[in-house]
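Trainee: For reference, the structure I am asking about is given below.
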Amino acid sequence: MQKLVTFKKFTSITPTAPISRGQHGFRAKCLQRLIRMGVPVPRTVALSFEAVQGIAGGRMPDVGRLLAVFGDEPLVSVRSSGQDTAWGGPSAVLNIGMNDSRYAKFCETLGEPAASALYLRFIQTYAVRAAHLDAALFDPGTLEGRAAVQAALQAYETETESYFPQDPEEQLSGVLRSMARAWQSTSARLLRQARGAPSDAGLGLVVQEMALGVGADESGAGVIQFIDGVTGRPQITGRYMSQSQGLDALTSEGRALFLTRDARGRSLEELCPDLFEELIGHGEACRTRLRDETQLEFTIAEGKLAIIDAVVVPRSSRAAVQVVVALARDGIITRNEALLRIPPRALNEVLHPLIDPETPRTPIVRGIAASPGAAAGKLVFSSTVAQTMAAQDEPCILAKRETSPEDVRGMHAARGVLTERGGITSHAAVIARGLGVPCVVGASELSIDKKARTMRTASGDVFREGDLVTIDGTAGEILAGIVPMLEPALDDAFETFLSWADDVRDIGVRVNADTPQDAQLASRFAAEGIGLCRTEHMFFAEDRLTAMRELIFTDLPEDRAEALAQLLPMQREDFTSIFRIMAGKPVCIRLFDPPLHEFLPHDRQGTLELAEALNRPMTEVQRRIDSLREYNPMLGMRGVRLGLTLPEIYNMQARAIFEASIDASAVSGDVTVPEIMIPLVSACREVEIVAARIEAVAQAVQAERGAEVSYRLGVMVETPRAALRAADIARHCHFLSFGTNDLTQMTYGLSRDDAGRFMASYVRQGVFPEDPFHTLDREGVGELLTLGAQRARKVRPNIVLSICGEHGGNGESIAFCREAGFHYVSCSPYRVPLARLSAAQIAL
Ligand code: PEP
Ligand code: MG
């Protein structure tokens, strides 16, 4: 066992030394674990966050004493050790301690080429990193060996007017100082903040004895991991290169060896079978003891193996799920720990669709694949517009020259992000990956004009705001129009993982699904039922829109009946398919909600087409459109107000629902008891009237079909008054579903379609802690939820309570609903897996 050596500012890493991740960083802690496991780790000293901060501020520790840990002729490396691997840090510096006299000795013991490689590498790194000289000056060009070393020393002397430092203490001080200061630079800070680090995140450093990787017997360096970082499946991958150091094997593929015998070409397994076996053993031990998949950086020094570093294998979200499931299945971690290790938003990446590989594709422009998945939508050029579109449920692609922190909300709202500038670590790329939004950056052939709201390609094509585009964040391509996509392959590990989440969560998760296609998706995501079927979305298809417009244009009840007779079979067909797909699971259907004018044309051309279709004069059509126009349609004739004014629509819908439930159960045997929900209620009397009409339709259908009709009636609580009057309302219904989109809008008096314009500024100034349309406002809207729930329960203790606004997929909002004793949340299909995982994490 190594001796414990603790100095004030640095600590020699031994099995018992006081090393913690919070003070010395992940690398120091991990190396200590390896040492405890008996893995051959070269001697290592850790510098704490505090020590490194001191170094940046000019307080250098006693470097002489530090180096004494490594003997008389120290030769060391320095690596960064932040609190979280994802936050980055300055890259490693090797061979500190190389000087003219070590060089001369190594020339004798290791041979001149190896000695020259060691010295040259250090001179180059030191010159650029510590002395801040231009890297180009130290490019050896055609020079090799001793000549290259001499040229580098000469270049250093010419530039600095002093000889290359020979004293290891001076060298180490220079390296420590440069790494400590690099961490504090503005660009490093911004980058790590974009990766989620706090502004005051600390950096630790580890100083480690060099395991040389060059020498007489087999010597070299390599990297090994035991899973594929993309799929997460077991697979030995990595490289090894004789007579090399650090990560050379990964960057000089030509000379590097594969690791296993079954790979093409020569392998480490053939070259050093015993050491290869030893490596596999260390890998297995690390998986069990470090309880994760690790990547080992190793050196073979004169026939002996040293492990110089172990980091968790970088992995895609899909792989992350695969890994935690395998670890839990092998009993290394518990299922609950597996659930807690995956942030719900990481599932976004697994869930994104891919462009169908069979589709011929001609990208309009290529860029850098920055965040995987494909997405399609209308092109927008500002975050504000992206937020407005999202509020209207309109998919959009946000295109910007580059993004800045003000754009995060817009990026969150957009289905995909595209930038003209930037690389893989640009703000757009980092944030998009964090949000799980597909993203292409650095599409430099584009010219984006924010003012003109246009995007011009190299070939001169111009795309305008509203044009449809598809982006492929996996391939880094942008395509015109909407391209066919494949739904993600949800593998066994993913299903298993979410089934574990279902085992522990104690709040239901349903889906907002409007069409049979949505219902299909919902069953793949294992939603427990449909919590909101917005029936008006069924009328947007071309043929249905015409029938709907005819309905809107009829004045006489008999004409209206004719138009409704056209719509009835369409609705019935949709509901029948949905009931069949949901196979007996609950389906909650909301009666027609939006103002009628949403179904009318918005421009002259559309009006003309409608006049032709209806065979009516253009002026009459225009007059009708004008008569339906409202000053504030969101607070106008929509929801139940429309239902009361034009009862035929709700009656037709109720009939379609009842007939469909009879038809669907006759075919499949699964009985669906439909839930019918009345939107935008503000007065109890509204519910009484609609409830009576629906019951009359139920009786009629029952009599006509000779089959029993059962259903449950519910009310959407979307106005503050409905929440306040929940006791009265609850007397007339079985369930209440809080529509938190409208309820937020009406509680704040804040238009859900326009708030995007100033939301960023409001959040920045701390007026709202978060956008209340994303994260439920616990204090205001939340109080109405609690109040409504309490009042409703008083008169009907077993009333079913839920939310179905966008908040249903948001972890914090789910936590609120759980605390308030709600039965389920309902959210859009792709958020169902996130909601299932969030709900599980909340329950743990
Ligand atoms: C709501 O208002 O929360 C809701 C779910 O309904 P919509 O978004 O359709 O208005
Ligand atoms: Mg609503």
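Trainee: When the dipole is taken about the Cα centre of the chain, and only Lys, Arg (+1) and Asp, Glu (-1) are charged at their Cβ, what size is it in debye, to the nearest 20?
Mentor: Once rounded to the nearest 20, the dipole reads 2000 debye.
Trainee: Here is a follow-up. What is the Å³ per residue value for the convex hull set by the Cα atoms of the chain?
Mentor: It comes to 198 Å³ per residue, whole-number rounded.
Trainee: Distance between the C-alpha centers of the stretch 374-431 and the stretch 59-132? Whole Å please.
Mentor: If we compute the Cα centre of each part, the gap is 44 Å.
Trainee: While we're on this one: Please tell me the relative contact order of the stretch 220-315 in percent, rounded to the nearest whole number, where contacts are Cα pairs under 8 Å and at least six residues apart.
Mentor: Rounded, it is 27 percent for the stretch 220-315.
Trainee: Further question on the same structure: How big is the dipole moment of the stretch 353-485 about its Cα centre under a simple scheme where the beta carbon of each Lys and Arg is +1, that of each Asp and Glu is -1, and everything else is neutral? Debye, nearest 20, please.
Mentor: Around 320 debye, computed over the stretch 353-485.
Trainee: Another question about this same structure. Take Leu556 and Ala707, extend 7 Å from each Cα along the Cα→Cβ direction, and tell me the distance between the two endpoints in nm.
Mentor: The two pseudo-label positions are separated by 3.5 nm.
Trainee: Report the GluC sites (Glu not before Pro) located in the stretch 373-424 that are in a DSSP loop and have at most 16 other Cβ atoms inside 10 Å of their Cβ, or state none.
Mentor: Here the sparse-neighbourhood loop sites are Glu402.
Trainee: Can you name the helices of the chain, as whole DSSP H runs, whose Cα span along the helix axis is 27 Å or more and whose Kyte-Doolittle mean is not below 0.0?
Mentor: 647-668, 684-705
Trainee: How large is the translational diffusion coefficient of the stretch 504-552 in µm² per second when you combine the Kirkwood radius over alpha carbon pairs with Stokes-Einstein at 10 °C and 1.306 mPa s?
Mentor: In µm²/s, the coefficient is 129.
Trainee: How high is the relative contact order of the stretch 1-110, given as a whole-number percent (alpha carbon pairs under 8 Å, six or more residues apart)?
Mentor: Computed over the stretch 1-110, the figure is 22 percent.
Trainee: DSSP loop (so not H, G, I, E, B), at most 16 other Cβ within 10 Å: list which trypsin sites (Lys or Arg not before Pro) in the stretch 288-371 pass both filters.
Mentor: Arg291, Arg361
Trainee: Among Leu137, Leu203, Gly636, which residue has its Cα furthest toward the positive end of the charge dipole of the chain, with +1 on Lys/Arg Cβ and -1 on Asp/Glu Cβ?
Mentor: Selected residue: Leu203.
Trainee: Summing -39500 (n - 2.57) over the DSSP H runs of n ≥ 4 in the chain and dividing by its residue number, what mean residue ellipticity at 222 nm do you reach, to the nearest 500 deg cm²/dmol?
Mentor: -13000 deg cm²/dmol
Trainee: Sticking with this one: Taking every pair of Cα atoms in the stretch 719-825, average 1/r, invert it to obtain the Kirkwood radius, and report Rg/Rh to two decimals.
Mentor: The Rg/Rh ratio comes out at 1.00.
Trainee: Using Cα centres only, tell me the gap between the stretch 643-678 and the stretch 331-373 in whole Å.
Mentor: 38
Trainee: Using the reciprocal of the averaged 1/r over all distinct C-alpha pairs, how large is the Kirkwood radius of the stretch 10-209 in Å?
Mentor: Hydrodynamic radius (Kirkwood, Cα pairs) of the stretch 10-209 is 17.6 Å.
Trainee: Provide, as a two-decimal number, the C-alpha radius of gyration of the stretch 439-595 over 2.2 N^0.38 Å, N being how many residues it has.
Mentor: 1.44
Trainee: I've got another one for you. If you filter the stretch 546-638 for chymotrypsin sites (Phe, Trp or Tyr not before Pro), then keep DSSP loop positions with at most 13 other Cβ within 10 Å, what is left?
Mentor: Those that pass, being in a loop and sparsely packed, are Tyr631.
Trainee: Follow-up question, since we're still on this one. When the expected Rg is taken as 2.2 N^0.38 Å, what fraction or multiple of it is the alpha-carbon Rg of the stretch 697-762?
Mentor: For the stretch 697-762, the normalised Cα radius of gyration is 1.69.
Trainee: Between the stretch 508-585 and the stretch 731-797, how many Å separate their Cα centres?
Mentor: 27
Trainee: Taking N as the number of residues in the stretch 746-788, what is its alpha-carbon radius of gyration divided by 2.2 N^0.38 Å?
Mentor: Cα Rg divided by the expected 2.2 N^0.38 Å: 1.17.
Trainee: Here's a follow-up. Could you tell me the ratio Rg/Rh of the stretch 291-351? Both radii from Cα atoms, Rh via Kirkwood.
Mentor: Rg/Rh for the stretch 291-351 comes to 1.13.
Trainee: Using only the Cα atoms of the stretch 114-272, build the gyration tensor, take square roots of its eigenvalues as a ≥ b ≥ c, and label the shape rounded, prolate or oblate: rounded if a/c is under 1.5, else prolate if a/b is larger than b/c, else oblate.
Mentor: Here the stretch 114-272 falls in the oblate category.
Trainee: Sticking with this one: Under 21 Å between alpha carbons: how many lysine pairs meet that in the chain, if sequence neighbours fewer than 8 apart on the same chain are excluded?
Mentor: The number of close lysine pairs in the chain is 8.
Trainee: Under the rule a/c < 1.5 gives rounded, and otherwise a/b versus b/c splits prolate from oblate, where does the stretch 353-485 land using the Cα gyration tensor?
Mentor: It comes out rounded by the Cα gyration axes.
Trainee: Something else about it: Go from 0 up to the bin containing the longest alpha carbon distance in the stretch 83-125, width 5 Å each, and give me the % of pairs per bin.
Mentor: Going out from 0 Å in 5 Å bins, the stretch 83-125 shows 5, 23, 25, 15, 8, 8, 7, 7, 1 percent.
Read-outs: derived from the displayed coordinates by stated rules, not from any lab. None of these values were measured; they are calculated from a predicted model. Glycine also receives a Cβ, built like all others from the backbone with ideal geometry; neighbour counts cover every protein chain displayed.
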